[in-house]
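Presented below is the structure to which this report refers.
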Amino acid sequence: MTPAQAATRAGTAAELAARAHNIRRNVVRMATGKGEGYVGQGLDAAEILAALFCSELRLGTGRDDDRFILSPGHYSIALWAAMAEAVMLDAGLLDSYGADGSDIIMSTHRGAVAGVELTGGSLAHGLPVAAGMAIGNALAGRPGRIATFVSDGELQEGSQWEAIMFAGHRRLSALLMVLDVNRTQADGPLVIEHEPLVEKLRAFGWWCDDVDGNDVSAILAGLDAARADERPKALVCRTRLANGVPLLMQRDRAHFVRVGDDEWQTVADQLEEGR
Amino acid sequence: MSATERRPSTAEQMGRMTAPGPFAAGLLAVAERRADIVAVTADSAKYTDLLPFVERYPDRFVDVGIAEQNLIGVAAGLAMSGYTPVATTFAVFATRRALDFIAIQCALTHENVKIVAGLPGICSTFGPTHQGIDDLAHMRVIPGMTVIDPCDPFDMEQATIAALDHDGPVYLRQLLGRHEPPVLDPARHPFVLGKARRLRDGTDVGIVASSIMVAPAVAAAEQLAADGVSAAVLQVSTLKPFDDDAVAELAAATGRLVTAENHAVIGGLHSAVAEALVGRGVAARVAAVGMQDEFGVFGTRPYVAEHHGLTTDSVLAACRRLLTG
C-alpha cells in the first residue's frame with residue numbers, strides 16, 4: 001500500500017483488528033444461550049466484515065454509494081454484528097437475534113432492516129443479483145461497487161458459475177466478490193474439492209488473489225491491489241471456522257455448531273484470552 | 001473487416017430481422033416513454049421477439065447466455081437498481097430451471113421483474129422438454145405473482161403494455177405470431193388486468209377458455225348454436241388475480257362449465273375455475289379440456305393438438321357430454 005492510499009483508508013490495521021474483535025464479541029453475545037447456531041461463521045468472517053464495513057466500503061442509500069450483498073443468509077449473525085459495530089444497526093437489537101417476530105433473523109430478508117439488500121437463505125443467489133446491480137450501475141453511470149460476500153460452499157451451485165462466467169465476459173468491474181473459504185459445509189468438511197480457486201477465477205476473466213481471511217492487514221492489502229483492475233474482482237479469503245475460540249475450532253468441523261449451556265462462559269473467556 | 005465496411009448490429013448478428021410481433025410492439029411502445037425498461041434474455045432474443053427492441057435500444061439489452069438462473073438473478077438485480085427488466089426465455093426453462101430465483105428474488109419482495117415466457121403449452125413442436133404445460137401451475141402458487149396468458153396477437157400486445165405498467169412481478173406467457181392465432185376481434189376493448197371478458201352470451205353451457213383455446217371455444221359455441229344450444233364463452237387472460245366474479249356468474253347462469261386451456265388441467269385454468277366456484281359456493285359441473293396429466297408428444301401443432309384433445313371437437317364433445325349427462 002502506498003502512503004497516499006493508506007491515508008485515504010479509514011482505520012489502521014490495528015484499529016480494524018480491534019473492530020473485528022468487537023464483531024466477534026457481538027457474535028458471541030447473540031449466540032449465547034441459543035444452544036446452537038451459525039456462531040462459527042460469525043467468528044470466521046469478523047476480519048472480512050470489519051475491513052469491508054469499517055474501511056473499504058462507503059455504504060448508504062446515496063447515488064454514488066457502494067452496496068453490500070450477503071449471499072449466504074446463514075452468515076446473518078456476522079452481518080448484524082458488523083452492522084452494529086459500524087453503527088448501521090442499533091446494538092440493542094442484537095439481543096433479539098433469532099427471536100420470534102424479530103427482524104434480526106437467522107437469515108436475511110431484503111429491506112427488513114435498512115442496509116440489507118438481498119434475501120439470503122437459498123444459496124448462490126447473491127452473485128447473479130449482484131451482477132444485475134453492477135449492470136444497473138453501469139447503465140446509470142453510478143460509480144458505486146457491488147461488494148458480494150460469498151461462501152465457498154456456494155461454489156457447488158451452478159448459478160454461481162453462471163454468474164462468474166457472465167461477469168467475466170461482461171467485465172463487470174463494479175463487482176467485488178469476497179469469497180470466504182472455510183472449507184466447511186452442512187455435512188462437515190468440504191464435500192467437493194474446489195481448488196485451485198485463484199486459477200479458476202482468473203481463467204473466468206476475473207482479477208483474483210488469495211489472502212489470510214483472518215488477517216486484517218492481508219485483507220486490506222488484497223482490497224487495495226484489487227481496486228484498480230477493470231475486471232470483476234475476487235478476493236479469496238482463507239478463514240478458520242470459529243476463529244478466536246479454540247473450544248469451537250476444535251469441535252468437529254460443523255456448519256451448525258451445538259454449544260451446551262455450560263460452555264458459553266468458556267467461549268466468552270477464550271475469545272478475550274486470544275485477543 | 002475494412003474500415004468502410006459497416007459493422008453489423010447486435011440484432012443483425014443474431015439472425016434474420018423480422019417484423020415486430022405483438023410482444024415487440026407492446027414493448028417498444030412502453031420503452032419509448034420509459035427509460036427504465038431493459039431487456040434480458042438467455043440466448044433467446046431471436047425466438048422471443050426481442051430483436052426490434054435490441055435494434056432500437058442496444059444499450060438496454062443484456063444476453064446472459066444459456067443460464068436461466070442467472071437470467072432471473074440479473075433481472076432481479078436490475079429491478080433492485082430501479083430498472084424494470086423484461087426477462088425472456090421459454091416457459092419451461094423459466095419455470096423449471098429458475099423457479100427458486102423467481103420465488104425468492106422476484107416475488108418475495110415484490111420486485112418489478114417481468115418474465116416473458118415463450119412457447120406456452122403445446123406451441124412448441126419440440127416435445128416435452130419445450131412444451132410449457134405446467135408453467136402456470138408453478139407461477140400461480142407463488143405468493144404475489146401476477147400471471148397472464150394472452151389469447152391472440154391483439155391481446156398479447158395489450159397484455160405486454162399492461163404487464164410493464166403494473167407494479168410488481170409478472171409472469172406473461174408469450175404468443176409470438178402477428179396473425180396466429182387469428183385476432184378474435186380487434187375492435188374489442190383493451191386488455192384489463194384481472195378481468196375476464198364475455199365474448200358470447202349463452203344459457204345452456206359456459207365455456208371458460210384461455211390462450212390458443214379461446215378461438216376453438218368460440219368455434220364450438222357457434223356450432224352448438226347451429227344445433228340450438230346456447231353456449232356462452234368467457235375469455236380469461238389473467239390467471240392471477242383471477243376473475244372469480246365472472247366465473248361464478250357464468251356458472252350460476254348455466255350450471256355447466258367447460259374449461260379449455262393450453263396447459264395441464266391440473267394447476268391452471270381448470271383449477272382456478274374450480275377454486276373460484278368452491279369459494280363462492282356455486283354448484284356446477286365442470287369438464288376440463290387441456291393436457292390430461294400427461295406429457296406432450298413431438299409434432300406439428302395440429303398433430304399435437306389432435307393427439308391431446310386441444311381442439312374445437314374436444315370442446316364440443318365436452319359440452320355435449322355435460323348437456324346430455
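The values are calculated or read from the model by the stated rules, or taken from the named source; none is laboratory data. On a predicted model such as this, the values are computed, not experimentally measured, just so you know. Virtual Cβ from ideal backbone geometry, glycine too; neighbours counted across all protein chains shown. Heads up: the accessible areas ignore ligands, DNA and RNA and are worked out on the full protein's heavy atoms, side chains in. Shrake-Rupley method; radii C 1.70, N 1.55, O 1.52, S 1.80 Å.
Does region B:248-310 come out rounded, prolate or oblate by the C-alpha gyration tensor, with a ≥ b ≥ c the root eigenvalues, rounded set by a/c under 1.5 and, if not, prolate when a/b is larger than b/c and oblate if not?
Prolate, because a/c is 1.5 or more and a/b exceeds b/c.
Explain nothing, just the number: relative contact order of chain B, from Cα pairs under 8 Å at least 6 residues apart, as a whole percent.
15 percent
In µm²/s, what is D for chain B at 37 °C and 0.692 mPa s, where D = kT/(6 pi eta Rh) by Stokes-Einstein and Rh is the Kirkwood radius from Cα pairs?
D = 164 µm²/s.
In the neighborhood of B:R173, defined by Cβ-to-Cβ distances under 10 Å, what is the net charge if each Lys or Arg adds +1 and each Asp or Glu adds -1?
Here the charged neighbours net out to -2.
State log₁₀ I(q)/I(0) for region B:15-173 at q = 0.20 Å⁻¹ as given by the Debye formula over alpha-carbon point scatterers of equal weight, solvent excluded.
Debye curve over Cα of region B:15-173, log10 I(q)/I(0) at q = 0.20 Å⁻¹: -1.36.
To the nearest 10 degrees, how steep is helix B:22-33 against the longest Cα principal axis of chain B, on a 0 to 90 scale?
50 degrees
Suppose R0 equals 56 Å. What FRET efficiency, 1/(1 + (r/R0)^6) with r the Cβ-Cβ distance, do B:R96 and A:T8 give to the nearest 0.05?
The computed FRET efficiency comes out at 0.70.
What number, rounded to the nearest 500 deg cm²/dmol, is the helix-based mean residue ellipticity at 222 nm of chain A, given -39500 (n - 2.57) per DSSP H run of at least four residues and division by all its residues?
Helix contribution divided over all residues of chain A: -11500 deg cm²/dmol.
Between Rg and the Kirkwood Rh of region B:219-259, both from Cα atoms, what is the Rg to Rh ratio?
1.02
So for region B:197-324, what are the equivalent ellipsoid semi-axes in whole Å, largest first, each being the square root of 5 times an eigenvalue of the Cα gyration tensor?
21, 18, 12
Which of rounded, prolate or oblate describes region A:1-76 when judged by the alpha-carbon gyration tensor and an a/c cut-off of 1.5?
Oblate, because a/c is 1.5 or more while a/b does not exceed b/c.
Taking the Cβ of A:E193 as the center, what net charge do the other residues with Cβ under 12 Å away carry, scoring Lys and Arg +1 and Asp and Glu -1?
Result for the local shell: 0.
Which of the lysines could be linked to A:K34 by a straight reach, that is with a Cα gap under 21 Å, when you skip same-chain ones fewer than 8 residues away?
Cross-link targets: none qualify.
Need one word for region A:228-275: rounded, prolate or oblate. Basis is the Cα gyration tensor (sqrt eigenvalues a ≥ b ≥ c); a/c below 1.5 gives rounded, then a/b vs b/c decides.
Because a/c hits 1.5 or more and a/b exceeds b/c, region A:228-275 counts as prolate.
Determine the percent antiparallel among the DSSP beta bridges restricted to the protein assembly as shown, to the nearest 5.
That works out to approximately 15 percent antiparallel.
When chain A is modelled as a GNM with alpha-carbon springs shorter than 10 Å, which of A:G126, A:G35, A:G222 fluctuates the most?
Maximum among the listed residues: A:G35.
Would you mind checking the tilt of helix B:68-79 against the longest principal axis of the Cα atoms of chain B, expressed as 0 to 90 degrees and rounded to 10?
Once rounded, one gets 80 degrees.
Going by Cα centres, region A:110-145 and region B:135-159 are how many Å apart?
27 Å
For a quick check of understanding: with a 1.4 angstrom probe and all protein chains in place, what accessible area in square angstrom does A:R202 have, to the nearest ten?
120 Å²
Taking the alpha-carbon centroid of each part, what is the distance from region B:253-325 to region B:59-124 in angstrom?
That distance is 29 Å.
Where does region B:120-244 land on Rg/Rh, using Cα atoms and the Kirkwood Rh?
Ratio of gyration radius to Kirkwood radius: 0.98.
Determine ³J(HN,Hα), in whole Hz, for all residues of region B:167-176 in sequence, where each value follows from phi through the Karplus function 6.51 cos²θ - 1.76 cosθ + 1.60 and θ = phi - 60°; x replaces Gly and Pro.
Coupling constants for region B:167-176: 8, x, x, 9, 10, 10, 6, 10, 9, 7 Hz.
Binning at 10 Å from 0, report for chain A what percent of all alpha-carbon pair distances ends up in each bin.
P(r) over chain A, rounded to whole percents: 7, 32, 38, 19, 4, 0.
Let me have the 222 nm mean residue ellipticity of chain B computed from DSSP H runs of 4+ only, each contributing -39500 (n - 2.57), with the sum over all residues rounded to the nearest 500.
Theoretical 222 nm ellipticity from helices: -10000 deg cm²/dmol.
Using Cα atoms only, what is the angle between the long axis of helix A:264-273 and the major principal axis of chain A, expressed in degrees (0 to 90) to the nearest 10?
Compared with the principal axis, the helix lies near 60 degrees.
Computed FRET efficiency, Cβ-Cβ of B:L323 and B:T300, R0 41 Å: what is it to the nearest 0.05?
Given R0 = 41 Å and the Cβ-Cβ separation, E is 0.80.
Keeping all protein chains in place, calculate the accessible area per residue for region B:197-324 (probe 1.4 angstrom), answer in Å².
Result: 40 Å² of accessible area for each residue.
I'd like the FRET efficiency for A:E272 and B:A187, computed as 1/(1 + (r/R0)^6) with the beta carbon distance as r and R0 of 60 Å, rounded to 0.05.
0.15
Only Cα pairs under 8 Å and at least 6 apart count here; give the relative contact order of region B:197-324 as a rounded whole percent.
Averaging sequence separation for qualifying contacts and normalising by length gives 28 percent for region B:197-324.
Would you kindly calculate the translational diffusion coefficient of the protein assembly as shown, applying Stokes-Einstein with the Kirkwood radius from alpha carbon pairs, for 4 °C and a viscosity of 1.567 mPa s, and quote it in µm² s⁻¹ without decimals?
Translational diffusion coefficient: 49 µm²/s.
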